[in-house]
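Just below is one structure, and these are the notes that go with it.
The values are calculated or read from the model by the stated rules, or taken from the named source; none is laboratory data. Being a predicted model, the structure only gives us computed values, none of them experimental. As a convention, Cβ positions derive from the backbone with ideal geometry for all residues, glycine included, and neighbour counts pool all protein chains shown.
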Amino acid sequence: MSATSPSLATRYATARPARATGLWANVQLMWRTQRTRTALAELDPRMLRDIGLTEGQALREAERTPWDLAPRR
C-alpha cells in the first residue's frame, strides 16, 4: 500500500458519517411527512376545498404510515 492511499480503516471511518447522515435525513423526512399529514387531517371542509381535496382524500392521506413516502396516484 502506498503512503498516499488511505487505509481501509480510514476509508470506512469516513464513509460511516455519510450513511448516518442519509439515515437521519430519512428520519427527518418521515417526521415532517407525519406532521404534515396530521395537520391535513385537522383542516376543515372549507380549507380542504381551497386546496382541492375532499375529506375522504385528506383522511386517507393522514392514515398512511410515516415511512410510506411514495406519492399516491
Inset, instruction - List the helices (runs of 4 or more DSSP H) that sit entirely inside the chain and contain at least 1 residues that are modelled with pLDDT under 75 and surrounded by 10 or more Cβ atoms within 10 Å (Cβ to Cβ). - result: 8-41
Inset, instruction - List every residue pair whose Cβ atoms lie under 9 Å apart, where the two residues are 6 or more positions apart in sequence or sit on different chains, the first residue falls within the stretch 21-34 and is closer than 16 Å to E61 by Cβ, and the second residue, located anywhere, is β-branched (V, I, T) and surrounded by 11 or more Cβ atoms within 10 Å (Cβ to Cβ). - result: none
